[in-house]
């Protein structure tokens, strides 16, 4: 009955197990594939490295941190788990000053942390109105500098490739690498018209 109720990727898993499986084999395979027993460490790592994206608003980032914290500690409620989630939410905020202010407010719950972050972000925007414009200008300059760097790297790579190709060329006249027969230094030169011809 469990096998008959499966859909989508779980049904694909059922077909991979074969006809000789038992109920317990199926439960174990489903737990390994879809359970969170082996994903706690991965979710903790994601929680520690998660940061607010450039175009990500506070509410979306807050929800992402809550989801990661819930998956990292599926059976924890309140206490240390909530404090850790609040810390990671504040630490991952894009604006460093906002991070300091949220941590300084010492919110007790994730909901309160979001309220404080929204309120303090509005305060910072009023206090520093030109900051957003400066940030956009700086981001534009960074983007143009990155394009210049990529162009320079491509030119350097092209130059390296050409130099490497030059070393592979071997002159058929003198059997030395780095030039062709036309520009061979040991090639006999044509005499000019002013030189005296010998018999």
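The values are calculated or read from the model by the stated rules, or taken from the named source; none is laboratory data. Nothing here was measured: the structure is a model prediction, and the numbers come from that model. Virtual Cβ from ideal backbone geometry, glycine too; neighbours counted across all protein chains shown.
Tabulated data for the structure shown
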| read-out | value |
| --- | --- |
| Subset of region 156-179 (residues that are surrounded by 10 or more Cβ atoms within 10 Å (Cβ to Cβ) and at pLDDT 80 or above) | 170, 171, 173, 174, 176, 177 |
| Any pair with Cβ under 6 angstrom, 6 or more apart, that starts in region 181-195 at a residue that is within 13 Å of residue 170 (Cα to Cα) and ends at one that is at pLDDT 55 or above and in a loop (DSSP other than H, G, I, E, B) | 181/171; 181/172; 181/173; 184/171; 184/173; 184/174 |
| Unmet criterion (only one of (1) surrounded by 12 or more Cβ atoms within 10 Å (Cβ to Cβ); (2) assigned to a helix (DSSP H, G or I); (3) within 29 Å of the chain's Cα centre (by Cα)) for residue 10 | (3) |
| Residue list for region 17-28, restricted to those being surrounded by 10 or more Cβ atoms within 10 Å (Cβ to Cβ) and either part of a helix (DSSP H, G or I) or within 34 Å of the chain's Cα centre (by Cα) (or both) | 17, 23, 25, 26, 27, 28 |
